[in-house]
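The structure under discussion appears below in the form of structure tokens.
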Amino acid sequence: MVQAFENDPLARWISPILENYRKYTPGFMKGFGGRAIESGSAYFAGDYAGVALWLPPGISPDEEAMLAVLQSAVPLSEQGPVIDLFLQMRFYHPEEPHWYLPILGVAPAFQGTGRGAALMRHALLRVDEEHCAAYLESSSPRNVPLYERHGFEVMGTLQVGSSPPIYPMLRGAR
């Protein structure tokens, strides 16, 4: 997963120094999507080249763990915009029960090979069986078309200061 996001605009805005990115990203990802493992909603492509961490309705990221990593990884003078951006993400989360995809990543050598689409299709079967909405934030404009092909619609654009744009996306219940 660290490799998958190594060139992600948001990840590198938060942690522009590669050494720091590699050091702190595992802890941040664990806080952001680790509860998917506990919930039985973490999916991987057969060779672990791709991983999707879905949080079921009522399960949220571990914000305390994420904040602790951000406070260690980001210089104090730069924490405000990063925290503000994550706070703004909250405003787009649907109020109705929904599945949340905090992390879907494919290792660079395997990007464009269909692993991300396969992970998305697999998880959306479960989402649709439960007749729930699904929500995510795309941290890269390059990934928006993938999500749109799976029925997600862009709800808006988030940006704080010099941050890259983030695209909250919703797929209605089916």
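Where a number appears in this text, it was derived from the coordinates with a stated rule and is not lab data. Remember, it's a predicted structure, so these values are computed and weren't measured experimentally. So basically every Cβ, Gly included, is an ideal-geometry build from the backbone, and we count neighbours across all protein chains shown.
Structure data summary
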{"item": "Those chymotrypsin sites (Phe, Trp or Tyr not before Pro) in the stretch 1-110 that DSSP places in a loop and that have at most 14 other beta carbons within 10 Å", "result": "Tyr48, Phe91"}
{"item": "Residue-by-residue Karplus 3J(HN,Hα) for the stretch 144-158, coefficients 6.51, -1.76, 1.60, Hz, glycine and proline x", "result": "4, x, 4, 5, 4, 4, 9, x, 7, 10, 5, 9, x, 9, 10"}
{"item": "Karplus 3J(HN,Hα) series, Hz, for the stretch 5-16 with 6.51 cos²θ - 1.76 cosθ + 1.60 (x for Gly, Pro)", "result": "9, 4, 10, 5, x, 5, 4, 7, 5, 5, 9, x"}
{"item": "Nearest 10 degrees, 0 to 90: helix 76-90 Cα axis against the chain principal axis", "result": "20"}
{"item": "Surrounding net charge for Ala45, when Lys and Arg each add one and Asp and Glu each subtract one, Cβ distance under 14 Å", "result": "+1"}
{"item": "Crossing angle, helix 115-129 versus the chain [Cα axis fit, 0-90 degrees, rounded to tens]", "result": "60"}
{"item": "Helix axis angle, 63-73 relative to the chain longest principal axis, alpha carbon, degrees", "result": "40"}
{"item": "Amide H contacts under 5 Å for Ile103, placed H, 5+ residues apart", "result": "Leu53"}
{"item": "Burial ordering of Lys23, Lys30, fewest other beta-carbon atoms within 10 Å first", "result": "Lys23, Lys30"}
{"item": "Using a Förster distance of 25 Å, the FRET efficiency for Asp62-Glu95 (Cβ separation, nearest 0.05)", "result": "0.75"}
